[in-house]
Amino acid sequence: EKEKAEMHDSKEDPRVFQKGRPEYRSLSYDKSEPIETLPSEEGDSILRSVAVCKGSQSPEAITDYFHKLSRLPAEHHMVVLSEPRFNTLCCSAVRNIRLFSTSDLIEILKACIRLVVPPSHPLLNACENEFCRRAWDMNLEQLLLVADCWRCLDRAVPSYLSILFSYTNMHWKDLTLPQFVQLLYIIGEGRRSPADLMQKMESMILKHLDSFTLEEVGAVCLGLFKSLSGISDHVMRKIADRVALQMEDMSTYALVNVLKMLRYARMDHLPLLKKLGKVIPARVPMVNIQGIMHISLSCSSLHYFDEGIMAAVATALPSKVTYCRSKDAAKFLWSFGCLDYEPPNEEEFFSSLIEQMHRKLYEFGKFPEHLLTGLLGLAFVKRFPEELIDYALRGEFVQKMRGSKYELKKDLFTLSRSVDIECPSYQGNRLPPQLYGEFTEMALNHAEQEIYVRPEIVEATTLLQSMLGGPEYVRNHMILPHTRSSDLEVHLAADGHPIPFNAKDAIGDKKLKDMGVSLTDELMAQLIKGRSNSRSPVEAENEARTPGQGRREGARAPDAGDRAAHSGGALTTGARLQVEPKLGRYPEVPSSLALNQRPRGVKLAIQVSNRNHYCCWSKRLLGLHCLKRRQLRHLGYVVVELPFWEWFPLLRRTRLEKLSYLHYKVFDPAL
């Protein structure tokens, strides 16, 4: 019973919504419909009649034979299918296929479902061709019912579905609510998203949204998710609004399907997520392992951290872990690593999943991406199971990963370099030098085009050069290319003075000056608000502060210029000289630094963070960026951050205010 409860039925579970309305009986095949079973002796009698008639039966008689054979006890179905006389019956049906009425042909399909006829059977080939031929003469109920029968037979019918979608595209305004939901179910199960039809689906969703049952809401989301159908943020938000209000009454299966679509739409709908934190923890022990996986994966994919949800998952998982597929184990590890969460039962939790990864090692040959996903999640929380890493970095396994349909180079690079830095005693397989070179070049090329040129980074780089004495004092680059984000590197001597070290950028100073980005109001609004935040820049800045704090959260003992800049006053002449020296000179060292002489210089790795480095609606750093900062410290760097909630609002301020802030960040020894 427990095993049955943990197993997800990918064919039957998505059909639960069909039990919610009587109208679905004419649109779908109902396996639960009671059918009177015939005695097993009847089967032999029917097959004898088939042999005697030798193909001279009428279409009606053939339909009746199929119907009766399908009513035999289930344990006799395999025997019937292997009978030569059953093959004779099928051949008779194929020869007379055009003589059957549409309703008789549908009855034959239903009989084939009960008999569990293989999806590649010649009879089904003939039926598919005939339904395609007469589809335009069928009504919508029949078309949807036949499509549902094909799903029950587990047969892919792309040609038939194309005709169905063309038909519904012409008659979409005539679709009733049950027909619409059934159509979306078929679209999802067929893994096809007809673009012209999907544009019309949005208006239908909005039209029926308040009338859907909660199971139908889940079915709509699952259909959209499986067919990879993108919908507008407006429609997705409307769906999420309704779910947030009625979540307590929704089945966990339907709710998980909504979460899948939220994940696909990358929408952090805060009311729904907060409600999830109240509803889901108590349900987790009763949810099957795949459902729990999708809950934790949705939270991590949306960068949403709720300790109640994640702790409930961690508590429930060890007793269920043996039901995890390789994919489930990997996604659990990724989710917890991505959110940088080590639960109260962390040793039991992580060790049980690592053991399951060992048990499922044979699956990784077919799904290499899952092993890499799991190991990367573990690396985020500083766990490195060396046997699994050795297996993942074997030459033949690396080749499998490189041949995967997924882009795995970045993840492979991150894992391997992390092992190099954090596991000095590791003696297993490593990536060959030529792959390191290839991956490094790939990361740097991406950074040149997408990262170094971001306006918040360009502004910080330019101002630091001005403040410290020129481009030779600052380097905008990736200290650790495998961590996928840039650093502004600054070197300070033991007495606190900046040290010139960047000869390359000093030579290319003119190129850097020509790389400026115009900070328009529109660009600034995007930077401050973030992708899915529709608040004004002022609201965004205010929300970034905790009640009772000033504009610059976490500032300790700022200098006079800093206090003036952030209180709205003007900088004093002394402060201006301090933060904006003439090119080629370093600024005066603050007295606090002189009093705390350090024995040797320091290398600063300045992080210009953005919202994507943090969990949404919080200041909790994501796992990849925790890993990066940990490794920078391991290599001797002092990590200094320009957090987005401080730096982005400053981009609208005066040059002196920005310089004052940067001066504080670089020279305050407390940081």
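Of note:
- Given R0 = 51 Å, the distance between the Cβ atoms of GLU248 and GLN199 translates into a calculated FRET efficiency of 0.90.
- Between ASN139 and SER103, residue separation times 0.36 nm minus the direct Cα-Cα distance comes to 11.8 nm.
- Rounded, prolate or oblate (a/c below 1.5 giving rounded, otherwise prolate when a/b exceeds b/c) for the stretch 601-651 by Cα gyration tensor: oblate
- Accessible surface of the chain, 1.4 Å probe, proportion on carbon and sulfur as whole %: 52 percent
- Calculated accessible area for the chain comes out at 44 Å² per residue, all protein chains present (probe 1.4 Å; ligands, DNA, RNA ignored).
- Across the stretch 251-256, rounded Karplus estimates of 3J(HN,Hα) from the backbone phi angles (6.51 cos²θ - 1.76 cosθ + 1.60, θ = phi - 60°) give 5, 5, 4, 5, 5, 4 Hz, Gly and Pro being marked x.
- For GLU641, the residues 5 or more places off, or on other chains, whose built amide H falls under 5 Å of its own are GLN607.
- Area of LYS19 that stays accessible when all protein chains are in place (1.4 Å probe, Å², to 10): 150 Å²
- List ASP487, ASP196, ordered by accessible area with a 1.4 Å probe, largest first: ASP196, ASP487
- With R₀ fixed at 25 Å, the C-beta to C-beta distance from ASP241 to LEU177 puts the FRET efficiency at about 0.85.
- Principal-axis analysis of the Cα atoms of the chain puts helix 289-301 at an angle of about 30° to the longest axis.
- Under 21 Å from the Cα of LYS68 - lysines, other chains or at least 8 residues apart: LYS31, LYS54, LYS110
- Derived scalar couplings ³J(HN,Hα) [the stretch 307-312; Karplus, 6.51 cos²θ - 1.76 cosθ + 1.60; whole Hz; x for Gly, Pro]: 4, x, 5, 5, 5, 5
- Heavy atoms of THR322 accessible to a 1.4 Å probe, total area in Å² rounded to 10: 90 Å²
- Global form of the stretch 357-418, assessed from the alpha-carbon gyration tensor, a/c cut-off 1.5: oblate
- Relative contact order (percent, whole number), the chain, Cα cutoff 8 Å, 6+ residue spacing: 9 percent
- Computed E for LYS31/GLU450 - FRET, C-beta separation, R0 51 angstrom, nearest 0.05: 0.50
- Anisotropy class of the stretch 210-302 from Cα gyration tensor, a/c 1.5 cut: rounded
The values are calculated or read from the model by the stated rules, or taken from the named source; none is laboratory data. Everything numeric here is computed off the predicted structure, so don't read it as measured data. Don't worry about glycine lacking a Cβ; one is built from the backbone with ideal geometry, like all the others, and counts go over all protein chains shown. Side chains included, ligands, DNA and RNA excluded: accessible areas come from the protein's heavy atoms. Shrake-Rupley method; radii C 1.70, N 1.55, O 1.52, S 1.80 Å.
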